[in-house]
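Read-outs throughout are calculated quantities, based only on the coordinates presented, and are distinct from any laboratory measurement. Because the structure is a prediction, the values reported are computed rather than measured. When we count neighbours, we look across all protein chains shown, and the Cβ atoms used for this are built from the backbone with ideal geometry, even at glycine.
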Amino acid sequence: MTLLQVEELDCRYGLLQAVRGVSLQVEHGETVALIGANGAGKTTLLRALAGAHRPHAGRILVDGVDVTHLPAHRRVALGLALVPEGRRLFPGLTVEENLRVAAAGGRRGRWNLDSVLEAFPLLQTRRRMPAANLSGGEQQAVAIGRALMSNPRILLLDEVSLGLAPVVVDAVYRSLSEVISGGSTVLLVEQDLTRALRVAGRVVCMLEGRVVLQGEAASLDRERVVDAYFGMRRPAVGGAPA
Amino acid sequence: MAVAIGLAFVPLVFDPDVVQKLTNLLILVLLAAMWNALAGYGGLLSVGQQAFIGVGAYATVFFASLGITPYLAMVLAMVLAGAVSIPISLFALRLRAAQFAIGMWVIAEVISILVRLDQNLGAGTGISLIEMNQFDPNYRQAYTFWLALAFTALFLSALFFLLRSPMGASLQAIRDDEDAARSLGVRVASRKRLLFVLAGFGCGAAGVLIVANTLFIEPGSVFSVQWTAYMIFMVLVGGLGTFEGPILGAILLFAIQTTFTQGGPWYLVGLGATATLFALALPRGLWGTIEKRVGLRLLPVGYRVESRQLETPAQS
Amino acid sequence: MILVNAVVQGIFLGAFYAVLACGLSIMFGVMRIINLAHGDIAVLGAYIAFVIVERTGVSAFVAFAAALPIMLVLGYVLQLTVLERSLKAGILTPLLATFGLSIVIQNLLLLTFSPDVRSLGGAAGGFTTASWRVTSQLSVSALGVLVLAVAVVVFGLMQLFLSRTRAGWAMRATAEDADAAELVGIDSRSVYARATAIAVAIASLGGLFLAIRSVFDPASGPTQLIFAFEAVVIGGMGSLWGTLVGGIALGLAQTLGAQVNPEFSVLAGHLLFLAVLVVRFGRGRITLRTLRLAR
């Protein structure tokens, strides 16, 4: 069943076109990785899906409902939650306040303050600390937990590995895999190609605002992905991109 | 310039009453142009320019009381008002938007209180420019009008040439986007100071003219925030950041004032409501909107970039 | 002893200023707007209470309770009509729009009520005149104590609201990052409207106290705005309790200034305000990113 449907989406910043005619679908229970170089339009796309950026043209449908013109906070109520790039926690609020303020949507599900703290045990001792005092990895955990508090049907994650040490990223992804294995539908943006291919069932590659490659992660040739990533035909170099 | 020369003939043609009214118009034009210089070109929203108006007015009375011939006293008073603005600028220009706006208002209040405490300046009841009685009323009105014309022409031309000069491009850059201008190397702070001091001189000149025209001032009226209300209305409705806009706004306010002399609070309600409406809905003001639609520009200041729909190259 | 009296009066006066300033501080903290019509809104509240007292003869406090819902609705409407639009438009627009609004309110009041000064001192029961004799040279007015108590309660309630309730967290979150707040399901528009409604309601409480402790007329607004703003700045913009402290500091400055010369009282307050500005903003630029609303 298609949970998220994007049709010919067009997003602009003034005269600059960031997303051009993007169409994609995410089925219920899928994990889709959105990859691409910096500036390919991935963050803009996610923000448009979440309602933080108004598209110039095109449609976004959640479970068949047209949400294109719905403000962001209403999409959360419908079950669409974004973990934004750069975490964007509320620095003056404690961890607990950050989590609890996101639960107001009224959606029922397995996620509440206790279950989130269970999923991210490192936060348990930090409950009453202002979010600004947390380390990067801890902040990322809070950011993900915050999105989970609204019991979303679709979880959007924008670059959770950004600015974090590999060891920390591993920990984050471990917690994430638990979330994913629980049957959530996830669309995540990931710079690290290896990780993306490992965690996702399907991969969508963007370049300069367009989708240039889509397919099952398992069946995709790595070289093809790298080519699409950089948008050029070149002999296989091997190894992950920088 | 032709307009100015034409206007010079006014006192010779019209009654002193009319001349007095037209002097008021010139005062409004001057005030509008100065407030626009601050807010439109410098991004400085001052709710306290009445400080300089008051200083100009009271300095005139003070210098005249020293025995200096009135019209020379007026010029000196304007200079004093401008001079006072320099030390104030060192402090005020460091403040951010709201602090600057109200900070200037408080400064005006402080000066007002200090004047009120001075018995020699008439304290709270006010003081007259009695030295003007030496002139025949008709001539006095004419001299005052010519002085007003001279001041207005002086400050408008100063602004005009400023905007046309290389400095002018940087001023308009500040108006459009202060941070971007700063990152390009525009010396934003010194440009703002220049505008601030210019406005200090200009508003001081307006204060001088006010006392020359009405012959009596009191702290409550000359230091009143009402002047700021008029300036905001004229500039917002006329066109913030345009050269011609404030002049249009002044003419409009003048027309409204002369038509609605009986209006009292109603017309002030109208002024306030209109100013708010323009701030929200028509930020470019009348002239700015016309200018944009029609491409009309009476006085050539600045450059325009034409936009055309280009195929935007993909972002890298 | 005279000095102690001045200090006590200063604290009471300062508490009044703090109540007046609370709403201004909230609006600035949440929306970064300085509402130049704030003082006039306080005066409007006083007039509404006055009308109720005139028509029904109830005490000023009861009249205020009746006026409160009106002011709350007014705050909502103000936000959704004028302020919301000016928020999107730039830094100068809210100042310009609220300045225009201030002129409109003042003159509408003038048209409705005439320039005569009014007072609600007579409708405040015994509070206006009652006082306690502490020593032979020091008497403490009941009204002063009431205002001080109310000020502490109002600030305290606001603090509790911001730190213990979900709506309060939502308000702090929106103040810190409105965009991210939307992304976690917070309707920022309604948060702003709520903040303005609260601010307007507390402002009208300030107006009530103004009406009881002294007189008011349609043109009283700007003076109240200046005092409120001075209190906010002295106490530190963006800090809720700072506004209470700032208000009291302003009150003290004025009463102590009056000890030197009765005509100096308001001037002393202005000078304190300007001095704080110099000290705080004189050295380079200070970014007000750190918001400490619930500190």
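Assuming R0 = 30 Å, what is the FRET efficiency of A:R127 and A:D66, from their Cβ-Cβ distance, to the nearest 0.05? Calculated value: 0.15.
Rank by packing, highest mean first: peptides A:149-155, C:83-89, A:16-22, with packing defined as the count of other Cβ atoms within 10 Å averaged across residues. Provide the component values of the computation, followed by the final result.
Values: A:149-155: 23.0, C:83-89: 17.4, A:16-22: 20.0.
Going by the mean number of other Cβ atoms within 10 Å, highest first, we get A:149-155, A:16-22, C:83-89.
Let me know the mean shielding of C:225-236 by other chains, meaning the per-residue number of their Cβ atoms within 10 Å of its Cβ.
Working: counts 2, 6, 0, 1, 7, 3, 0, 2, 6, 0, 0, 0.
That average works out to 2.
Say a paramagnetic label sat at a point 7 Å from the Cα of A:M1, along Cα to Cβ; which residues of segment A:80-102 have their backbone N under 16 Å from it? Label zone hits: A:80.
Each peptide in A:107-114, C:30-37 gets a packing score, the mean of other Cβ atoms within 10 Å over its residues, and the list from highest to lowest is C:30-37, A:107-114. May I ask for the angle, rounded to the nearest 10°, between helix B:97-116 and the longest principal axis of chain B, with both axes built from Cα atoms and the value confined to 0 to 90°? On a 0 to 90 degree scale, this one is about 10.
Just tell me how shielded C:186-196 is by partners: mean number of partner chain Cβ atoms within 10 Å of each residue's Cβ, no decimals. The partial results should precede the final answer.
Working: counts 7, 7, 3, 2, 1, 1, 0, 0, 0, 0, 0.
Counting other chains' Cβ atoms within 10 Å and averaging over C:186-196 gives 2.
Site pair A:R108 and B:R96 shows an inter-label distance of 4.6 nm when each label is modelled 7 Å from Cα along Cα→Cβ. For chain C, the relative contact order is 38 percent, taking Cα pairs closer than 8 Å that sit 6 or more residues apart in sequence and dividing their mean separation by the residue count.
Sorting A:208-219, B:141-152 by average packing, meaning the other beta carbons within 10 Å per residue, from highest down gives B:141-152, A:208-219. Applying 1/(1 + (r/R0)^6) with r as the Cβ-Cβ distance of C:T135 and C:L271 and R0 = 30 angstrom yields a FRET efficiency of 0.45.
When the Cα atoms of the protein assembly as shown are enclosed in a convex hull and the volume is divided per residue, what value in Å³ results? Before the final figure, lay out the partial values.
On the way: hull volume 161.7 nm³, N = 853.
Dividing the Cα hull volume of the protein assembly as shown by its residue count gives 190 Å³.
Could you name the lysines whose alpha carbon sits less than 17 Å from that of C:K88, not counting residues in the same chain fewer than 8 places away? Filter leaves no residues.
Which is the longest run of chain B containing none of the trypsin sites (Lys or Arg not before Pro) found in DSSP loop states (not H, G, I, E, B) with at most 13 other C-beta atoms within 10 Å? Please report the intermediate quantities before stating the final value.
Numbers: sites that count: B:R304, B:R308.
The answer is B:1-303.
Would you mind getting me the FRET efficiency between B:S128 and B:A273? Use the beta-carbon distance for r and R0 = 60 Å, nearest 0.05. Before the final figure, lay out the partial values.
Working: r = 36 Å, r/R0 = 0.60.
E(calc), rounded to 0.05, equals 0.95.
Close amide H partners of C:S139, meaning residues 5 or more places away or on another chain with modelled amide H under 5 Å apart, are C:V134. The value obtained for segment B:2-224, namely the Cα convex hull volume divided by the number of residues, is 110 Å³ per residue. Look at the stretch B:110-120: the mean tally of other chain Cβ atoms within 10 Å of its residues' Cβ atoms is 2. Taking all Cα-Cα distances within segment B:1-134, those exceeding 20 Å account for 57%. For segment A:164-171, 3J(HN,Hα) computed residue by residue from phi via the Karplus equation (6.51, -1.76, 1.60; θ = phi - 60°) reads 10, 5, x, 4, 5, 4, 4, 4 Hz, glycine and proline entered as x.
Segment B:126-174 and segment C:4-73 have Cα centres separated by 43 Å. Ordering C:L72, C:W241, B:Y230 by Cα displacement along the dipole of the protein assembly as shown toward the positive end leaves C:W241 in first place; charges were set at the Cβ atoms of Lys, Arg (+1) and Asp, Glu (-1).
Sorted fewest first by neighbouring Cβ atoms within 10 angstrom, C:V140, A:V204, C:V104, A:V76 come out as C:V140, C:V104, A:V204, A:V76.
Per residue, the average separation of C-alpha pairs within less than 8 Å and at least 6 apart gives segment B:92-250 a relative contact order of 28 percent.
Here the protein assembly as shown carries DSSP beta bridges of which approximately 60% are antiparallel, counting only pairs with both residues inside.
Based on alpha carbons, the Rg and Dmax found for segment C:12-223 are 18.0, 62 Å. Between A:H56 and A:D221, the modelled label-to-label distance comes to 3.5 nm, taking each label 7 Å out from Cα in the direction of the beta carbon. For segment B:2-224, the relative contact order is 41 percent, taking Cα pairs closer than 8 Å that sit 6 or more residues apart in sequence and dividing their mean separation by the residue count.
Ranking B:Y230, C:Y17, B:Y58 by Cβ neighbours within 10 Å, fewest first, what do you get? Display every interim value, and only then the final one.
Details: B:Y230 22, C:Y17 30, B:Y58 27.
If I rank by nearby Cβ atoms, fewest first, I get B:Y230, B:Y58, C:Y17.
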